[in-house]
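This report concerns only the one structure given below.
The values are calculated or read from the model by the stated rules, or taken from the named source; none is laboratory data. From a predicted model like this one, the values you see are computed outputs, not experimental measurements. For neighbour counting, all protein chains shown are included, and Cβ atoms are generated from backbone atoms with ideal geometry for every residue, glycine included.
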Amino acid sequence: MVSTLTTSCPAVFISAPASGQGKTTLSAGLARYHHRQGRDVRVFKTGPDYLDPLILQRASGHAVEQVDLWMMGDDYCRQVLYQAALVADLIIIEGAMGLFDGDPSSADLAAFFGLPIMLVINAKAMAQTFGAIAYGLTHYRNNLTVVGVIANAVGSDRHQTLIEDSIPEGIHLLACFPRKAAMELPHRHLGLVDPTEVHDFEQRLDLIADEVATKKISKLPATIKFSATKPPKHLLLLATCRIAIAKDEAFSFIYAENIRLLETLGATLLYFSPLHDQHLPSAEVIWLPGGYPELHAKALQNNTSMHHDLKRHYQQDKKILAECGGMLYIQQTLTNLEGEQSRMVGLIAGDGHMRTRSGCQGMQSAVLPEGEIRAHAHHHSRSENTLTPITYGKRATHPAPGEAIYRSKGLTASYLHLFFPSNINAIVQLFSP
């Protein structure tokens, strides 16, 4: 139930007609510009995402969290935005995919909180059609506040003039961003590249922020009122639990909210690198999150002392959670797109194969013996010769079975990335020694 506690903060929602339009580029540029002005900027990402938040964190100077009405629920989203508004000078929320994609969509989230929307449209390969797309997005629903549109990847002064002339009356063209390679954020198959892999990343952010500084979008947006919910009380139910978490270049897909919950429950968190460390830290539970094991397969294969420690942990019936890339790591082999096969840890049957097209995508629930935990899947690989699944993920909007979920001894493995706060009791059981 919503309480009477409220606070206000300037806030804006960044959306687009589709993925790849420049939402993250604009969000990062706005965040970096205001951060450079000495403002406390808090950025959120709609829906499940690990890579965009890394970029937005570098731009804003603060950890970036998710807000999603299905995965997290109304009250959770209210509370995290309220907490941010207590300290922030500006809140930026980046949408997912296109404005109306998904159920609930970015539009649903923006409408729920009454957030003003700025639309980013990639103008490359179009001219007057820009105005039609802007008109359609602005008028598709009448419960949204679209403050204007931004043309991205504008190729020339003439191109900008064509775009400006195409804008219907009543729609505001807020800015035109030029097409500059130096401001682009590199991509790979699962999305944007981790900023630690881009040697001139800070310079790129500053160039985008410099461009923002010349536009009227640099002004603070409207102030929005945020209401608090009554946060749940957590007992220290994992106070005796040491959890070893894989975290390095190969394993990095970790929600900040998951870490915060484990800490709130009293767990001791120990980080290790399957790439660089020779041995596991002493722990009752191991969490192998997703990432890019395929980019580091030979190094993972050659770290046999780590394989030995993981096998010993598994044979002792201790708990292991392996998600997506973590699951590929604990199966038998992993084959890249060039057909090169690497030996993995071999805790359970299964051969991973990278592929160019995506696998089973989208929001799903993991219906485990411990309870139902909301999650999502996003991968470009498949697993063959696996164990018999104990169950399958339950899709949010489709009756077909979702991702296979495997269990062997204390190990739970799946392509699903779990959002821990969606079912705290189930997470306590899943991690309890």
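Here are some notes:
- Any hit, segment 142-155, residues being within 23 Å of the chain's Cα centre (by Cα), crowded, with 17+ Cβ neighbours inside 10 Å, free of Cβ contacts under 8 Å to residues at least 60 places away in the same chain and not assigned by TED's automatic domain parsing to the domain that holds residue 325: no
- Checking each residue in segment 251-263 for being at pLDDT 95 or above and either in the same structural domain as residue 91 (by TED's automatic domain parsing) or not in a helix (DSSP H, G or I) (or both) picks out only 251.
- For segment 304-323, filtering for residues that are under 16 Å from residue 250 (Cβ atoms) and touching a residue at least 40 places away in the same chain (Cβ under 8 Å) leaves 2.
- Strands (runs of 3 or more DSSP E) within segment 324-371 that include 3 or more residues in contact (Cβ under 8 Å) with a residue 40 or more places away in the chain and more than 25 Å from residue 274 (Cα to Cα): 362-368
- Residue check for residue 261: closer than 30 Å to residue 112 by Cα and either touching a Lys or Arg at 6+ places or on another chain (Cβ under 7 Å) or surrounded by 19 or more Cβ atoms within 10 Å (Cβ to Cβ) (or both): yes
- Scan of segment 84-103 for residues that are β-branched (Val, Ile, Thr) and in a helix (DSSP H, G or I), ordered by number: 87
- Residue check for residue 184: modelled with pLDDT of 95 or more and within 30 Å of residue 248 (Cα to Cα): no
- When residues in segment 220-248 are screened for being buried (at least 18 other Cβ atoms within 10 Å of the Cβ), at pLDDT 95 or above and assigned to a strand (DSSP E or B), 6 of them pass.
- Close pairs from segment 281-303: first surrounded by fewer than 16 Cβ atoms within 10 Å (Cβ to Cβ), partner hydroxyl-bearing (Ser, Thr, Tyr), Cβ under 7 Å, at least 6 apart: 298/342
- Of all residues in segment 104-158, those satisfying the criterion of being aliphatic (A, V, I, L, M) and assigned to a helix (DSSP H, G or I) are 107, 109, 110, 111, 132, 133, 134, 137.
- Residue check for residue 55: part of a helix (DSSP H, G or I), surrounded by 19 or more Cβ atoms within 10 Å (Cβ to Cβ) and in contact (Cβ under 8 Å) with a residue 12 or more places away in the chain: yes
- Any chance residue 217 is β-branched (Val, Ile, Thr), within 26 Å of residue 376 (Cα to Cα) and surrounded by 19 or more Cβ atoms within 10 Å (Cβ to Cβ): no
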